[in-house]
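Enquirer: One structure coming up, written as structure tokens, with questions to follow.
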Amino acid sequence: MDAIREKRDASADQRKRTMGLLARATAAELQAGWQAVEPKPEVHPVRGPETGLIMVRGRVGGGGDAFNLGEATVSRAAVRLASGEVGHGQLLGNDREKARLAAIFDALQQRPEHRQTVLRMVEAIEGRIEVEDRLQAEQTAATRVDFFTMVRGDN
Amino acid sequence: MYVAVKGGEAAIANAHQLLADRRRGDRSLPAISIDQIVAQLGLAVDRVMAEASLYDRELAALAVRQARGDMIEAIFILRAYRTTLPRFGMSVPVDTAAMKIERRVSATYKDLPGGQLLGPTFDYTHRLLDPSLLTDEPVAEPLRRPVDEGSMMRVSDILSGEGLIEGDGQMPQDHVPGDLTREPLEFPLNRDLRLQALARGDEGFLLALAYSTQRGYARTHPFVGEVRIGTVEVEMDIPELGFAVSLGRIQVTECQMVNQFQGSTKTPPQFTRGYGLVFGQSERKAMAMSLVDRALRAKEFGEDIVAPAQDEEFVISHSDNVQATGFVEHLKLPHYVDFQAELDLVRRMRAEYETRAEAEKTGTMREAAE
Amino acid sequence: MAIQSEQQRAATGIYAGAFADPVFQSQSVFKALMDAMARPGTILSLGAAAAPPAPLGAGAGAIALTLCDDGTPVWLSAALAASTVPAWLSFHTGAPLTDVRPEARFVFVEAGGLVPGFDQFALGTQEYPDRSATLVLEIAALQGGLAFTATGPGIRDEVTIAPVGLPDIFLTLWDENRAIFPRGVDLILVAGTDIVCLPRTTKLRRREV
């Protein structure tokens, strides 16, 4: 029983991570990923793609109870493959085509024959984000203040 | 009776066409693109997002362009747009402790863990107009330095170790965060609703109120415990999946203002806190918000309410610039009938006044004659 | 593998059954509801149907898709709550489910289900009478039952309704609801994809034979 649950948790973690990276993919990355999918599956829309809002919450004092900070645009889609798998795509912003493609990749990663293609794509996205984050962090680090104390001689 | 309510149609259509022309301006110049506004007027875009209470850089930039740079008009347009969209749900509260930092300074601790990171700040610039920006001179790449791995501990957590600072804000158990976009405000408010109102409040109004507290109208003895700017992950629960999924990152500015508090009969002397959290990069707004948040907590700490910045109904009712501009600007719309009524009234009062004055004069003359 | 296919079947059930053309179909349903609320006692067709999981019906499903969203907590009868309707509603409308009756803005009861007392739901306040619940009750038929004469705003003179499948004490419940005006609940009676609306302003009396 526990083994089954662990396996399911691991696959949920993998799916969560993949969906988070798909949300941060550029339109070009998703388009290129779609070109690489062969053969192209039959995809049916289930919901959307559509744009709406999410109320972004913060925490009082930074770590206290939740408050409503303000909204952000979100685009989302749900699709179903002919084989039955349902995929969900949701990401910040107005790009509904990106949401639709993200949903397709979420569905495809549930198919053994497409899983590796999807994983390779999200690993590339992850690599690109890491490079961007590191560059930004290093540029910020260069603005770090190095305090030093002026030593005054007594004599 | 309503008169002259028609006849404006052609004038309005022509005015809109003229507006479109003036907005475009000199056709020999290239039109400014949305991408350019996002990239080069980023802080204007951020202000529009914060006060429209809608995080979307492209739409905010479009609003700035459409409004010809009139910030409140741009905020108005973006607010109007958000009402056309369905709401999909709430995010998991963003975790500012896990922020990818772009700037972080503390005025209370010189050597705090993670250090003082100045980031892309206007501070320490000379505030001299820069002629190099008159032309498109090449801009050098920023310098890089290896990153000091380690946590960017929040300043409030340093003080809380000693028990000298109040904790993060707690609401009563099972409290559902209020949402002023869904329910009309009823005073007094809880702190969560006040923070939502302040986060979308007018920067200039909050800045002036914050300044007033420093000048003695509800002094709070503030120190900037920490200001941090950076990106945080936005996650939403997907009920069909049974777990929360990241939707991407947004940039926010957070300010922890630390205030000396002498204590009351119920509370020992300690530091209290004001909190500011704003969409985008907006340090001035986050700092002003945290000062006003602290001032508005006067009742909670048993302080006398003596100044405008402590008056919740005054502050929150007047902080929204879309409401404010609507009510002030509506005065220019036709009030022909109202004014006609006032004119009649003033004429009548004037006639009565003159009759009375005349009567008094005649009376005085008669008295003098007798 | 067996588990997964079962999961998938259940999942497909909740993902299907929404409007094929959400914009126009929800507009059609909204207009029908608005007209029916403005003309209490008149039978109107919703003009669109949903295919929600049983035991929620096609008309009630269409009303849910049209009116419910994340800002409208929904209370479901025991039979609906025990079905896959909660997951279907959640996916297609985003409406939160509540089992605290006064928190609900919409209440759904399937045909033949037990109708709770109206005063257990939000009745609004004197200042905000609109903060009240709308009850969507599926019944067997809108015609052919015990006849009531309806009068009130939106009704010229009077109109007769004869719904089949309302609880025996319906008239008592409705009179009590009338008595607290401007507070009170509003009713949408649904049979198939036809509706009759009874806003709180409508007076009902048993029709004399």
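Enquirer: Using a Förster distance of 25 angstrom, determine the FRET efficiency expected from the C-beta separation of A:E38 and A:E126, and round it to 0.05.
Expert: That gives a FRET efficiency of 0.65.
Enquirer: Using R₀ = 35 Å, calculate the FRET efficiency as 1/(1 + (r/R₀)^6) where r is the Cβ-Cβ separation of B:Y336 and B:I34; round to 0.05.
Expert: 0.30
Enquirer: Okay, moving on. Assign one of three labels to segment A:65-146, namely rounded, prolate or oblate, based on the Cα gyration tensor with a ≥ b ≥ c the square roots of its eigenvalues; rounded applies when a/c is under 1.5, prolate when it is not and a/b is larger than b/c, and oblate otherwise. Could the numbers behind the result be given before it?
Expert: Values: a/c = 3.23, a/b = 1.57, b/c = 2.06.
The shape class here is oblate.
Enquirer: What pairs from A:K16/B:K285; A:K40/A:K98; A:K98/C:K31 go past 27 Å between their alpha carbons?
Expert: Over 27 Å Cα-Cα: A:K16/B:K285; A:K98/C:K31.
Enquirer: Antiparallel DSSP bridges in chain C: what percent, to the nearest 5? List each step's numbers first, then the result.
Expert: Values: 16 of 29 bridges.
Here the share of antiparallel DSSP bridges comes out near 55 percent.
Enquirer: Sticking with this one: By counting other Cβ atoms within 10 Å of each Cβ, how are B:E73, C:E176 ranked from fewest to most?
Expert: Starting with the residue having the fewest Cβ neighbours, the order is C:E176, B:E73.
Enquirer: Within 10 Å of each Cβ of B:77-90, how many other protein chain Cβ atoms are there on average?
Expert: Average neighbour count from other chains, rounded to a whole number: 5.
Enquirer: Could you tell me whether the protein assembly as shown comes out rounded, prolate or oblate from its Cα gyration tensor? Rule is a ≥ b ≥ c as square roots of the eigenvalues, rounded for a/c under 1.5, then prolate if a/b exceeds b/c, otherwise oblate. Don't skip to the answer; put the middle values down first.
Expert: On the way: a/c = 1.69, a/b = 1.08, b/c = 1.56.
Cα axes put the protein assembly as shown in the oblate bin.
Enquirer: Averaging sequence separations of C-alpha pairs under 8 Å and six or more residues apart, then dividing by the length of chain A, give the relative contact order as a whole percent.
Expert: Reported relative contact order: 21 percent.
Enquirer: So, one more: For B:K332, which lysines qualify as cross-link partners when the Cα separation must be under 18 Å and same-chain residues fewer than eight apart are set aside?
Expert: Filter leaves B:K6.
Enquirer: How many Cβ atoms of partner chains, on average, are near each residue of B:169-175 if near means within 10 Å of its Cβ? Provide the component values of the computation, followed by the final result.
Expert: Working: counts 8, 4, 5, 1, 1, 0, 3.
Mean shielding by partner chains, rounded to a whole number: 3.
Enquirer: A further question follows. Based only on other Cβ atoms within 10 Å, what is the fewest-to-most ordering of C:S77, B:S132?
Expert: B:S132, C:S77
Enquirer: Averaged across the residues of B:91-97, what count of C-beta atoms belonging to other chains lies within 10 Å of each residue's C-beta?
Expert: 6
Enquirer: For a paramagnetic label modelled at 7 Å from the Cα of B:A20 toward its Cβ, which residues of segment B:32-62 fall within the zone defined by backbone nitrogen distances under 17 Å?
Expert: Residues B:32 fall inside that zone.
Enquirer: What is the extension gain from B:Q66 to B:L41, computed as 0.36 nm multiplied by their sequence separation minus the C-alpha to C-alpha distance, in nm to one decimal?
Expert: Gain on extension, B:Q66 to B:L41, equals 7.6 nm.
Enquirer: Extension gain B:K110-B:A368, at 0.36 nm per residue separation less the Cα-Cα distance, in nm?
Expert: Fully extending the segment from B:K110 to B:A368 adds 84.2 nm.
Enquirer: Order these by the 10 Å Cβ neighbour count, fewest first: B:S317, B:S28.
Expert: Working: B:S317 14, B:S28 5.
So the ranking, lowest neighbour count to highest, is B:S28, B:S317.
Read-outs throughout are calculated quantities, based only on the coordinates presented, and are distinct from any laboratory measurement. Quick caveat, the model's predicted, so the values are computed rather than measured. All Cβ positions, even for glycine, are placed from backbone atoms using ideal geometry, and neighbour counts span all protein chains on display.
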